[in-house]
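Student: Encoded as structure tokens, here's the structure I'll be asking about.
The values are calculated or read from the model by the stated rules, or taken from the named source; none is laboratory data. Since this is a predicted model, take the numbers as computed values, not measurements. Every residue, glycine as well, gets a Cβ built from its backbone with ideal geometry; the counts of neighbours run over all protein chains shown.
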Amino acid sequence: MIAECGKSKEAIFKKNRVFPGVNNLKNHLARVLARIDYSLYLYLCIMRKLRMDELPRKSADEFRSAEKLPVILLLENIRSMHNVGSVFRTADAFLAQRIFLCGYTPKPPHRDIHKTALGATETVEWEYRDSAVNAVRQLRDSGYRTVAVEQAEGSIPLQSFSRQAGESMVLIFGNEVEGVSEEVLAHCDNCIEIPQYGMKHSLNVSVAAGIVLWELVRRGF
């Protein structure tokens, strides 16, 4: 006797022997899932992405009046507007005191800076100086500790860097290709270096700014 779709009884019998195995596997998985620890179940349920209106965001006025991290970021001859905007956004995130834009570093307002700053140019104080050397010298004379973020002889690994209580600091970031200039380095108190373990030994300047600021904040700067 030939069954539907041209299959014989033997083929249908063989097919029906397979399905019970699949059903048994489904039942086994159901039993395993039923035994998942309840705390894990709660954890999975709690992992929910927060909406923007649920974040503890400061208003522009609250940001301006908030106590700032005693750190100035100085950008020397940064060429990318996107990098400048990203540094503004990072400075906003960690309540940096202000940003100095030096040399041919682009300055707001510009749509390409705003694209990555996302409004941080309206909260973070900044000023422009045509000479990074003069800016560093002036800040140093005003009592700021001048620290270049650069790979140099005698540089201090970031994780070993320490600060005196009550000390204010300038973190200097250089051009994406050339880094901090030798002229500026001559007026720096220290160099700190972010340890790297790959081939490039090169980080985007805005990424480097984020790493250094977070490490300072993490250690209660």
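Student: If you go through the stretch 66-96 one residue at a time, how many are touching a Leu at 6+ places or on another chain (Cβ under 9 Å) and among the hydroxyl-bearing types (Ser, Thr, Tyr)?
Tutor: Counting residues in the stretch 66-96 that are touching a Leu at 6+ places or on another chain (Cβ under 9 Å) and among the hydroxyl-bearing types (Ser, Thr, Tyr) gives 1.
Student: For a quick check of your reading of the model, give me the residue pairs whose first member lies in the stretch 62-76 and is touching a residue at least 12 places away in the same chain (Cβ under 8 Å) and of a type outside the set (Ser, Thr, Tyr), whose second is in a strand (DSSP E or B) and surrounded by fewer than 17 Cβ atoms within 10 Å (Cβ to Cβ), with beta-carbon atoms closer than 6 Å and at least 6 apart or on different chains.
Tutor: Going by the 6 Å Cβ cut-off, the qualifying pairs are 72/98.
Student: Among 156, 192, which is the only one that is within 20 Å of residue 205 (Cβ to Cβ), surrounded by fewer than 16 Cβ atoms within 10 Å (Cβ to Cβ) and of a type in the set (Val, Ile, Thr)?
Tutor: Matching residue, one of 156, 192: 156.
Student: Residues in the stretch 189-221 that are assigned to a helix (DSSP H, G or I) and either more than 19 Å from residue 101 (Cβ to Cβ) or outside the structural domain of residue 143 (by TED's automatic domain parsing) (or both): how many?
Tutor: Looking only at the stretch 189-221, we keep the residues that are assigned to a helix (DSSP H, G or I), and these are 205-218.
Next, only the ones that are either more than 19 Å from residue 101 (Cβ to Cβ) or outside the structural domain of residue 143 (by TED's automatic domain parsing) (or both) stay: 211, 214-218.
Final tally of qualifying residues: 6.
Student: Criterion first (closer than 24 Å to residue 134 by Cα, surrounded by 11 or more Cβ atoms within 10 Å (Cβ to Cβ), in the same structural domain as residue 139 (by TED's automatic domain parsing) and not hydroxyl-bearing (Ser, Thr, Tyr)) does residue 186 satisfy it?
Tutor: no
Student: Let me ask something additional. Considering 139, 73, which residue is closer than 16 Å to residue 185 by Cα, crowded, with 24+ Cβ neighbours inside 10 Å and in the same structural domain as residue 173 (by TED's automatic domain parsing)?
Tutor: 73
Student: Follow-up. Which of the residues belonging to the stretch 86-107 are within 19 Å of residue 177 (Cβ to Cβ) and crowded, with 17+ Cβ neighbours inside 10 Å?
Tutor: 86, 87, 101, 102, 103, 105, 106
Student: Suppose we filter the stretch 88-133 for residues that are closer than 28 Å to residue 185 by Cα, among the β-branched types (Val, Ile, Thr) and not in a helix (DSSP H, G or I); how many remain?
Tutor: 3
Student: So, one more: Scan the stretch 75-87 for residues that are part of a strand (DSSP E or B) and over 18 Å from the mean Cα position of the chain (by Cα) and jot them down.
Tutor: If the condition is that a residue be part of a strand (DSSP E or B) and over 18 Å from the mean Cα position of the chain (by Cα), then 76 is the only one that fits.
Student: So, of the residues in the stretch 169-183 that are out of contact with any strand residue (DSSP E or B) (no Cβ under 6 Å at 6 or more places or on another chain) and not polar (S, T, N, Q), which turns out to be surrounded by the most Cβ atoms within 10 Å (Cβ to Cβ)?
Tutor: Checking each candidate, the answer is 179.
Student: Can you name every residue in the stretch 111-142 that is aromatic (Phe, Trp, Tyr) and either in contact (Cβ under 8 Å) with a residue 40 or more places away in the chain or closer than 25 Å to residue 167 by Cβ (or both)?
Tutor: 126
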